[in-house]
Amino acid sequence: MGWLSRTFRPAGETAATTEPGSPEEHPVPSVPISPDAASSVTIATDPGAVTVGEPTPSGPVGRYGPLVSVTRFEAAPPELEWQLPLNGELYRLMPGSDRPDYSLLVLDRPLHFYPQEGFDLNRVDADQRVDDRKGRTMVRVHALLLCARYVGQQLHPGMTDLAVNLAYVIDNSLARDAEVDFAKIEFAAIGSLSEGHQPRQAPAAQRADAAPTAPTAPAADAAPAADTAPAANTAPAAPAAAAVAPADGEADGRAGTRPTVSDLLDEVAATLRQGVAAQRGAPVERLTAALTLDAEHRLTGLSGNADGQAPVPTPETFTRLGELLAALAGHGEDGRVAAVTLRVDGDAVSHEVTGTH
């Protein structure tokens with residue numbers, strides 16, 4: 001299924017058809033990843049090696065590509081909740097430095113968010129900055145970058161509530177890039193993606209104080225609205241899985257002993273190994289896994305090799321990993337881990353921190 005394989009406009013159409021705020025034409029069709037075709041994706045024994053097959057089109061499509069909708073959030077700032085559902089079209093597939101299957105989602109309606117404290121507004125064009133009716137700055141975006149949240153899952157026809165990581169596209173030139181430029185995006189939320197569009201629900205109460213006032217702002221029914229709209233330094237809520245961190249001095253199997261960063265990462269490796277073994281129903285002898293974490297110590301990437309296969313654990317394992325990784329926050333600079341490689345060989349467990357925030 002060439003589910004994301006689309007040109008920007010029908011063949012033979014030569015006039016420029018880009019719309020204000022939409023990504024510009026990308027003339028080369030992208031090749032999708034489809035999990036239900038046996039030849040589509042092969043995860044090789046070498047971590048990160050992926051083979052992509054050529055599928056055929058299917059599913060409801062619009063002008064750009066397949067119709068999809070973000071229907072709910074697992075973790076997101078309040079102003080995004082007010083704007084659900086986020087309907088749009090999958091424009092193209094893009095590789096990144098960490099994985100080959102990011103998807104660019106062009107939104108039917110612009111999305112507005114309050115920038116977090118420390119966000120450099122110079123990263124966005126002036127016409128993307130609007131004020132709500134209390135004079136607080138918001139940023140308007142027309143596209144999102146997304147990917148499946150969990151290893152072993154992919155965007156696919158007929159999907160319902162697929163867990164995805166979402167990022168704002170703050171520079172529309174990303175649509176012309178050969179691969180993802182992470183300077184052109186900003187983490188947004190964790191959400192659920194379904195095929196097709198969802199009807200927009202009328203807000204229970206529209207309040208004028210939070211609606212953007214710029215001339216190009218969306219209609220009132222698309223604008224964030226609430227008396228308690230967050231200030232600009234409001235950060236997205238952390239996922240429940242990552243919200244539990246042991247307090248100072250809390251026992252972790254060694255009464256009265258607070259685990260060190262090394263202890264925590266060794267336990268992460270052991271937990272991942274057990275989770276992969278439980279998912280397979282067979283023991284795992286050798287495991288190498290590369291994990292990436294955001295600044296709040298949430299797991300954002302997992303790749304590697306477990307006895308020649310992808311290291312896919314049980315869903316419950318992700319919850320436990322989130323709890324362990326969240327505990328890094330209590331270790332100051334030593335705990336600001338951005339990337340780590342875990343290794344298990346028989347009874348030997350080791351780790352190597354390869355990046356920090």
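The values are calculated or read from the model by the stated rules, or taken from the named source; none is laboratory data. Source: prediction; values computed, not measured. Cβ: placed from backbone, ideal geometry, glycine included. Neighbour counts: every protein chain shown.
Here segment 291-310 is the region considered, the condition is being crowded, with 17+ Cβ neighbours inside 10 Å and more than 16 Å from R149 (Cβ to Cβ), and the residue that is nearest to the chain's Cα centre (by Cα) is G304. Of V106, V130, all but one fail to be touching a Lys or Arg at 6+ places or on another chain (Cβ under 6 Å), in a strand (DSSP E or B), crowded, with 20+ Cβ neighbours inside 10 Å and touching a residue at least 24 places away in the same chain (Cβ under 8 Å); the exception is V130. How many residues does segment 110-124 contain that are surrounded by 13 or more Cβ atoms within 10 Å (Cβ to Cβ) and more than 19 Å from E81 (Cα to Cα)? Looking only at that region, the number is 4.
Out of all the residues in segment 207-228, is one or more at pLDDT 95 or above, on the phi < 0 side of the Ramachandran plot and either surrounded by fewer than 16 Cβ atoms within 10 Å (Cβ to Cβ) or not assigned by TED's automatic domain parsing to the domain that holds L90 (or both)?
Here is the first cut: in segment 207-228, the ones at pLDDT 95 or above are none.
No; the residues of segment 207-228 include none that is at pLDDT 95 or above, on the phi < 0 side of the Ramachandran plot and either surrounded by fewer than 16 Cβ atoms within 10 Å (Cβ to Cβ) or not assigned by TED's automatic domain parsing to the domain that holds L90 (or both).
Scanning segment 295-333 for residues that are closer than 15 Å to A278 by Cα, of a type outside the set (V, I, T) and assigned to a loop (DSSP other than H, G, I, E, B) gives D307, A310, P311, P313. S173 falls short on exactly one of the conditions (1) part of a strand (DSSP E or B); (2) hydroxyl-bearing (S, T, Y); (3) more than 18 Å from D108 (Cβ to Cβ), and that condition is (1).
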